[in-house]
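Before any comments, here is the structure.
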Amino acid sequence: MRLLTILLLLPLTLHSQTAAPVIVIEQTRKIDVAVQPIGGSEGPAATKVLTDDLNRSGVCRVVPADAAVFVLSGSITPSGLSGRAVPKSGGAAVVDKTFAGDSRRATHLFADAVVEALTGTPGFASSRMTFASASGSKKTKVKEIYVSDIDGANARQLTQDKSLGYGPKFSTDASKVVYSSDKSGYRDTYVIDLGSKKRTCVAQFPGQNTGAAFSPDGSTLALTLSKDGNPELYTMAATGGSPTRLTRTRGVEASPSWSPDGAQVVYVSDERGSPSLYILPATGGEPERLNTESSYTTEPDWSPDGKLIAYSISSGGGQIGVYDISAKKARIVSRGSGLESPSWTRNSRHLVASQNGHLVVLDTLTGETTKVPNNLSNNTEPNTSR
Amino acid sequence: MKYLPLFLVSILAILSGCADKDKKGDAAAFGDATDDIYDQPLPERSGNPDNADYETLRSETVYFAYDSFTIEAKERPKLDKLANYLSNNPNTKIVIAGHTDVRGTPQYNLALSEKRSTAVRQYLIGLGANGGNLSTIGYGEDRPASEGESDSAHTDNRRASPGILR
């Protein structure tokens with residue numbers, strides 16, 4: 001009987017092998033910058049924050065002053081940080097501004113302004129992220145929802161549900177987080193207003209209510225409901241109300257992510273076998289399958305510039321792929337294994353992802369990952385504010 | 001005689017491969033193969049799946065192949081027994097708790113586990129059970145029966161367990 005089971009599973013195992021696309025890792029030239037010690041009593045801490053932000057940006061490399069092309073300096077003021085970036089060859093400052101906020105926040109804003117001055121694209125150091133963190137095991141396992149800065153600092157527990165929380169996602173303006181939890185015994189969808197800390201249950205239909213994502217304008221949620229007897233994709237008002245059904249298949253639909261113009265949704269369906277990615281008009285219509293050349297692809301995330309879709313590839317041991325929509329080409333952008341749940345930062349180049357229970361920032365151009373330190377265990381499903 | 005079992009095995013393997021490919025839940029076995037059979041609206045919620053009695057009907061737990069919600073032939077006698085139990089206890093409400101193994105990603109596993117429970121529910125409705133007494137919950141990979149990454153743990157964890165709501 002044991003042998004029978006193994007033989008029965010064999011064709012399925014073979015079926016799930018991946019025809020991996022070619023891994024393209026581009027080496028990008030980094031701009032050498034020097035960071036002079038920031039003045040003020042919180043200066044040393046801010047200097048380290050700035051250095052880490054710049055190194056994580058993928059754009060700069062922090063070097064000693066004699067090797068630098070740009071020199072950064074600043075001082076902590078009562079209201080924030082006054083920062084300057086000047087070319088070492090002389091000439092006008094590319095950044096010369098006072099950034100508001102506590103020293104950490106103001107330093108992140110300074111780093112983002114430097115990156116924008118050097119590349120034309122804002123950095124993501126001032127972004128935040130939300131994620132789930134698990135503790136306990138088996139029947140006692142709980143997953144609570146957290147928010148933190150994108151460098152791991154200022155981690156704050158949002159929920160105390162003592163149940164399984166999943167898939168937190170920010171609204172575009174980062175004022176709200178939507179997630180699902182089985183705290184009622186069934187899996188419902190909740191919206192937390194981060195300002196007032198008020199939580200509202202927005203979807204509690206019979207069966208499962210999960211995987212919700214805010215539309216770019218914040219008015220609508222796309223999510224998976226099983227109320228009609230099968231996990232299907234729906235949209236509904238973000239404040240709750242009557243859902244509109246988008247899919248009708250024999251399989252499983254999950255993980256919707258909106259195009260930045262709100263016109264389309266990319267999602268996962270296993271209608272034709274192992275899970276793959278599809279795009280559908282947000283008002284319903286004919287789904288188009290994306291050929292990623294990988295099998296078992298899930299968790300799509302549409303980039304803020306609208307050009308790319310990042311996703312998880314489970315068949316290769318946990319890698320991240322990126323699909324270029326206009327070129328209709330996919331590539332694997334990660335090294336190593338155990339990576340899942342990619343979420344684009346605002347530059348449409350870096351992703352946050354989870355890797356074996358840790359959170360990482362992944363540069364899709366180089367494949368480099370930077371671990372995001374925190375004191376929490378089993379971190380999953382990170383999502384960034386943009 | 002020596003070769004007969006192997007022959008049978010390969011036939012079964014082929015059937016199983018096909019069934020997985022086009023992902024027909026076995027509800028299609030009930031004659032009319034329209035998609036409508038997959039629309040079996042769930043009843044209003046009752047009871048709390050956290051406190052359901054999963055012991056009484058433990059031997060009716062249905063197991064699944066990797067990334068599949070197909071109810072395999074060897075699992076069907078359990079559902080015949082369960083349908084029989086439901087017809088003898090017409091006022092009993094049960095919840096079918098779906099689960100996956102730890103491979104794959106969280107949201108897809110949630111949906112797949114829910115699909116396993118709705119597939120069992122549809123099958124029971126096909127056997128004459130009252131759908132109004134059958135609720136579903138999907139726990140994804142986070143309520144494993146066995147811990148670990150071994151094949152036997154994976155096999156134990158890909159399941160749908162009927163619990164009596166109280």
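The values are calculated or read from the model by the stated rules, or taken from the named source; none is laboratory data. Bear in mind that the values here come from a model prediction, so they are computed numbers and not experimental data. Cβ placement follows ideal geometry from the backbone for every residue including glycine, while neighbour counts extend to all protein chains displayed.
Looking only at the stretch A:100-118, decide whether some residue is in a loop (DSSP other than H, G, I, E, B), touching a helix residue (DSSP H, G or I) at 6+ places or on another chain (Cβ under 6 Å), modelled with pLDDT of 95 or more and away from chain B (no Cβ under 14 Å). Spell out how you get there, then give the answer.
First, pick out the residues of the stretch A:100-118 that are in a loop (DSSP other than H, G, I, E, B): A:101-102.
Next cut, touching a helix residue (DSSP H, G or I) at 6+ places or on another chain (Cβ under 6 Å) only: none.
Scanning the stretch A:100-118, I find no residue that is in a loop (DSSP other than H, G, I, E, B), touching a helix residue (DSSP H, G or I) at 6+ places or on another chain (Cβ under 6 Å), modelled with pLDDT of 95 or more and away from chain B (no Cβ under 14 Å), so the answer is no.
B:SER135: within 29 Å of A:THR189 (Cα to Cα), assigned to a helix (DSSP H, G or I) and either in contact (Cβ under 8 Å) with a residue 60 or more places away in the chain or touching a Gly at 6+ places or on another chain (Cβ under 8 Å) (or both), yes or no?
So B:SER135 does not fit the description; no.
Any chance you could count how many residues in the stretch A:228-249 are surrounded by 20 or more Cβ atoms within 10 Å (Cβ to Cβ) and not small (Gly, Ala, Ser)?
Number satisfying all stated conditions: 11.
Name, by its number, the condition in (1) at the interface with another protein chain (Cβ under 7 Å from one of its Cβ atoms); (2) free of Cβ contacts under 8 Å to residues at least 12 places away in the same chain that does not hold for B:ASP151.
The single condition B:ASP151 does not satisfy is (1).
Can you tell me which residue among A:ALA111, A:ALA174, A:ALA155 is in contact (Cβ under 8 Å) with a residue 60 or more places away in the chain and either buried (at least 21 other Cβ atoms within 10 Å of the Cβ) or within 30 Å of B:SER146 (Cα to Cα) (or both)? Even if it seems obvious, please write down each step before you answer.
On the way: A:ALA174 fails: either buried (at least 21 other Cβ atoms within 10 Å of the Cβ) or within 30 Å of B:SER146 (Cα to Cα) (or both); A:ALA155 fails: either buried (at least 21 other Cβ atoms within 10 Å of the Cβ) or within 30 Å of B:SER146 (Cα to Cα) (or both).
The match here is A:ALA111.
Quick check: anything in the stretch A:163-181 within 14 Å of chain B (Cβ to nearest Cβ), out of contact with any strand residue (DSSP E or B) (no Cβ under 9 Å at 6 or more places or on another chain) and on the phi > 0 side of the Ramachandran plot?
No, that holds for no residue.
When the stretch A:270-298 is examined, which residues are found to be among the charged types (D, E, K, R) and touching a Pro at 6+ places or on another chain (Cβ under 7 Å)?
A:GLU293 - this is the single residue of the stretch A:270-298 that is among the charged types (D, E, K, R) and touching a Pro at 6+ places or on another chain (Cβ under 7 Å).
Would you call B:THR105 touching a Lys or Arg at 6+ places or on another chain (Cβ under 8 Å) and facing chain A (nearest Cβ under 7 Å)?
On the way: touching a Lys or Arg at 6+ places or on another chain (Cβ under 8 Å): no; facing chain A (nearest Cβ under 7 Å): yes.
So B:THR105 fails the test.
Restricted to the stretch A:260-273, and to residues that are surrounded by fewer than 23 Cβ atoms within 10 Å (Cβ to Cβ) and out of contact with any Leu (no Cβ under 7 Å at 6 or more places or on another chain), which residue is nearest to A:SER315 (Cα to Cα)?
Only one residue tops the list, namely A:GLY273.
For B:SER68, all conditions in the list (1) within 16 Å of B:THR136 (Cβ to Cβ); (2) under 13 Å from the mean Cα position of the chain (by Cα); (3) at pLDDT 50 or above hold save one; what is the number of the exception?
(1)
For the stretch B:82-130, give me each residue that is small (Gly, Ala, Ser), within 13 Å of the chain's Cα centre (by Cα) and not in a helix (DSSP H, G or I).
B:ALA97, B:GLY98 - these are the residues of the stretch B:82-130 that are small (Gly, Ala, Ser), within 13 Å of the chain's Cα centre (by Cα) and not in a helix (DSSP H, G or I).
Inspect all residues belonging to the stretch B:59-67 and state whether any of them is part of a helix (DSSP H, G or I) and of a type outside the set (Val, Ile, Thr).
Keep residues of the stretch B:59-67 that are part of a helix (DSSP H, G or I), which gives B:59-60.
Narrowing further to those that are of a type outside the set (Val, Ile, Thr): B:59-60.
The answer is yes, given that some residue of the stretch B:59-67 is part of a helix (DSSP H, G or I) and of a type outside the set (Val, Ile, Thr).
Mind listing whichever residues of the stretch A:81-108 are among the aliphatic types (A, V, I, L, M) and buried (at least 19 other Cβ atoms within 10 Å of the Cβ)?
If the condition is that a residue be among the aliphatic types (A, V, I, L, M) and buried (at least 19 other Cβ atoms within 10 Å of the Cβ), then A:LEU81, A:ALA85, A:VAL95, A:ALA106 are the ones that fit.
Within the stretch A:294-308, is there a residue that is hydrophobic (A, V, I, L, M, F, W, C), within 26 Å of A:GLY338 (Cβ to Cβ) and either modelled with pLDDT of 95 or more or surrounded by 19 or more Cβ atoms within 10 Å (Cβ to Cβ) (or both)?
Checked against the condition, which is being hydrophobic (A, V, I, L, M, F, W, C), within 26 Å of A:GLY338 (Cβ to Cβ) and either modelled with pLDDT of 95 or more or surrounded by 19 or more Cβ atoms within 10 Å (Cβ to Cβ) (or both), the stretch A:294-308 yields at least one hit.
Can you name the number of the only condition in (1) away from every other protein chain (no Cβ under 14 Å); (2) of a type in the set (A, V, I, L, M); (3) in contact (Cβ under 8 Å) with a residue 40 or more places away in the chain; (4) in contact with a strand residue (DSSP E or B) (Cβ under 7 Å, 6 or more places away or on another chain) that A:ALA132 fails?
(1)
Conditions first: (1) touching a helix residue (DSSP H, G or I) at 6+ places or on another chain (Cβ under 8 Å); (2) over 16 Å from A:TYR146 (Cα atoms); (3) among the aromatic types (Phe, Trp, Tyr). A:PHE205 passes all but one, so which condition is the exception?
Failed condition: (1).
Are there any pairs, at least 6 apart or on different chains, whose C-beta atoms fall under 9 Å, with the first in the stretch A:31-48 and within 18 Å of A:ALA117 (Cα to Cα) and the second acidic (Asp, Glu), and if so, which?
A:ALA34/A:ASP66
With the requirement that a residue be farther than 22 Å from A:LYS183 by Cβ and within 11 Å of chain A (Cβ to nearest Cβ), what does the stretch B:119-147 give you?
Residues satisfying the conditions are B:ALA119, B:ARG121, B:GLN122, B:ILE125, B:GLY131, B:GLY132, B:LEU134, B:ALA145, B:SER146, B:GLU147.
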